[in-house]
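In what follows, a single structure is set out as structure tokens and then discussed.
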Amino acid sequence: MVFEKIDRIVIKVRDLEKAKEDYSKLFGISFTDVVQNSENLRVRMPRLTPEEIDAEVGGRRFAISDSGIELMQAGPGEDEGLYCLLLKVTDQDKANGNLADSGAPCILDITWGGLTEAVYALHGSMVGIASYGADSPLKALEEAPSTS
């Protein structure tokens with residue numbers, strides 16, 4: 001599998017507003033707030049029931065930057081820290097096949113607007129692959145079809 005680029009580093013934080021403030025002040029990063037909801041999200045988490053999936057991702061808050069830093073609101077009892085490295089790929093199906101063939105378990109498979117991601121457990125880390133046709137993940141999220 002060849003990846004196009006390192007797309008994003010996802011960092012789980014307890015206080016999203018404080019983290020945005022700190023990253024903005026220290027590194028000059030600006031963020032766009034995003035909330036996952038059932039209108040713009042299709043999720044598959046093989047090891048969880050539908051109720052557990054909804055508890056895991058429903059209403060989850062994110063702050064996404066164009067610089068590749070993504071802050072994710074930690075859930076109750078979850079620790080802060082590096083959550084996932086996301087690599088952009090041109091062929092999502094081929095990349096998923098390669099990772100499945102390697103024996104890495106798929107933890108999360110998600111379509112969110114025009115953004116498709118799959119996250120795998122690989123050597124003690126969460127590594128994700130992402131594909132989208134837009135110029136950035138933020139623009140891909142805006143591609144969600146209207147549900148009305």
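Scanning the stretch 110-126 for residues that are in contact with a strand residue (DSSP E or B) (Cβ under 9 Å, 6 or more places away or on another chain) and either surrounded by 18 or more Cβ atoms within 10 Å (Cβ to Cβ) or modelled with pLDDT under 90 (or both) yields a count of 10. Taking the stretch 16-60 as the range and being modelled with pLDDT of 65 or more, within 17 Å of L108 (Cβ to Cβ), surrounded by 14 or more Cβ atoms within 10 Å (Cβ to Cβ) and not polar (S, T, N, Q) as the test, the residues that pass are V34, R60.
Scanning the stretch 65-92 for residues that are among the aliphatic types (A, V, I, L, M) and closer than 19 Å to T111 by Cα returns L71, M72, L85, L86, L87, V89. Residue pairs whose Cβ atoms lie under 8 Å apart, separated by 6 or more positions or on different chains, with the first residue in the stretch 47-75 and farther than 17 Å from I9 by Cβ and part of a loop (DSSP other than H, G, I, E, B) and the second among the basic types (K, R) and modelled with pLDDT under 85, are G75/R60.
Of the set (1) under 24 Å from L16 (Cβ atoms); (2) part of a helix (DSSP H, G or I); (3) among the hydrophobic types (A, V, I, L, M, F, W, C), all apply to L99 but (1). For the stretch 92-102, the count of residues that are over 20 Å from T32 (Cα atoms), crowded, with 16+ Cβ neighbours inside 10 Å and of a type in the set (A, V, I, L, M, F, W, C) is at least one.
The values are calculated or read from the model by the stated rules, or taken from the named source; none is laboratory data. What you see is a predicted model, and the numbers here were worked out from it, not measured in a lab. Because the Cβ atoms are built from the backbone with ideal geometry, glycine has one as well, and the counts that use them run over all protein chains shown.
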